[in-house]
Amino acid sequence: MVYIGRYLNRPLHLFGGIGIGFTAIGLVICAYLTVLKISGEAIRGRPLLILGVLLLVVGVQLLTLGLMAQMMVLSRREGRRGELAAEVIERTVGFRPAGLSAAAGSGRSTMGASGPG
């Protein structure tokens, strides 16, 4: 319920924050293992290596998911604005302009019954 209330219109804040956290932890783990490797220790059999790489990959995926969800939310908002503008024009003028809405609307046309010419 917290997601629906607070993050419905800004999913990048939720998924991006978690993704940045996972990526940062993964980077710290991988940096630590890099220092160990440079100092001459073997890191091949350590489960920490798998965890570090896993956190990096999951963090990047969550960032990407948040970005895509944010783009979808913005696209939906823009679509609603266009639809609202078409409805205002339809109320004011009496017909729905075909170029402003993908939907046919009420079926009324700007041309006469006989068509052009």
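Among the residues making up segment 36-70, those that are surrounded by fewer than 16 Cβ atoms within 10 Å (Cβ to Cβ) and either in contact with an Asp or Glu (Cβ under 9 Å, 6 or more places away or on another chain) or small (Gly, Ala, Ser) (or both) are Ser39, Gly40, Ala42, Gly45.
In segment 1-19, how many residues are out of contact with any Leu (no Cβ under 7 Å at 6 or more places or on another chain) and surrounded by 13 or more Cβ atoms within 10 Å (Cβ to Cβ)? Qualifying residue count, segment 1-19: 5.
Please enumerate the residues belonging to segment 54-69 that are at pLDDT 95 or above and of a type in the set (Val, Ile, Thr). Matches in segment 54-69: Val57, Val58, Val60.
Among the residues of segment 10-57, those identified as in a helix (DSSP H, G or I) and under 16 Å from the mean Cα position of the chain (by Cα) are Pro11, Leu12, His13, Leu14, Phe15, Gly16, Gly17, Ile18, Gly19, Ile20.
The values are calculated or read from the model by the stated rules, or taken from the named source; none is laboratory data. For clarity, every value in this text was computed on a predicted model and none was experimentally measured. Reconstructed Cβ throughout: ideal geometry from the backbone, glycine too, with neighbour counts over all protein chains shown.
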